Amino acid sequence: APAKATLGEFLRGYVLSRPDVKPATLEVWQQPCRNLAEFFGDDKPLRAITTGDGDQFKAWLLTQKLAAVAKRLSFARTFLH
C-alpha cells in the first residue's frame, strides 16, 4: 500500500472492487468494511493501524451485538494483513 493510503480508499478501491470475487462475497465483505470504517474512520492511514488498534476494534465489535463477529474479525484481519 502506498505510504499515504487511507483505510477508506483501500476498502473501496481494493477490497470491494475486486473483479475476481463473486458478487455475493463482495456483499458479505461490506459488513466488516462498514465496521472498520465506522471504528477507524475513512481517513485513517493504513500504515497507522497497529496490532493494538486491532485489539481495540475487536473489543468494540463485541460490544455492538452483531451477528457473526468472529467471521467479521476474520475478514477484517485478512483485509489488513
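The values are calculated or read from the model by the stated rules, or taken from the named source; none is laboratory data. Values in this document were obtained by computation on a predicted structure and should not be read as measured data. Counting neighbours? That spans all protein chains shown, and the Cβs are built from the backbone with ideal geometry, glycine included. The accessibility values were calculated without ligands, DNA or RNA, using every heavy atom of the protein model including side chains. Shrake-Rupley method; radii C 1.70, N 1.55, O 1.52, S 1.80 Å.
Candidates 62, 5, 16 compared by Cα position along the dipole of the chain: farthest toward the positive end lies 62, with charges placed on Cβ.
Near residue 12: Cβ cut-off under 15 Å, other residues only, Lys/Arg at +1 and Asp/Glu at -1. The net charge is -2.
Placing a pseudo-label 7 Å from each Cα along the Cα-to-Cβ vector at residue 20 and residue 5 gives an inter-label distance of 1.5 nm. State to the nearest 20 debye the size of the charge dipole of the chain about its Cα centre, where the only charges are +1 on K and R beta carbons and -1 on D and E beta carbons. Using only the charged Cβ atoms, the result is roughly 180 debye.
Taking all protein chains into account, the per residue accessible area for the chain stands at 67 Å² (1.4 Å probe). With a simple spin-label model that places each label point 7 Å from the Cα along the Cα-to-Cβ direction, the separation between residue 68 and residue 30 comes to 1.3 nm. Note on the chain: percent of Cα-Cα distances in each 5 Å bin, starting at 0 and stopping at the bin with the largest distance, equals 3, 15, 29, 26, 17, 8, 2. Put simply, the amide H of residue 6, placed in the peptide plane, has neighbours under 5 Å in 46, leaving out anything fewer than 5 places away on its chain.
Note on the chain: helix-only mean residue ellipticity at 222 nm, from DSSP H runs of 4+ residues weighted -39500 (n - 2.57) and normalised by residue number, equals -19500 deg cm²/dmol.
Report in % the part of the accessible area of the range 2-81 that belongs to carbon and sulfur, leaving out ligands and nucleic acids; probe 1.4 Å. The nonpolar share, carbon plus sulfur, comes to 55 percent.
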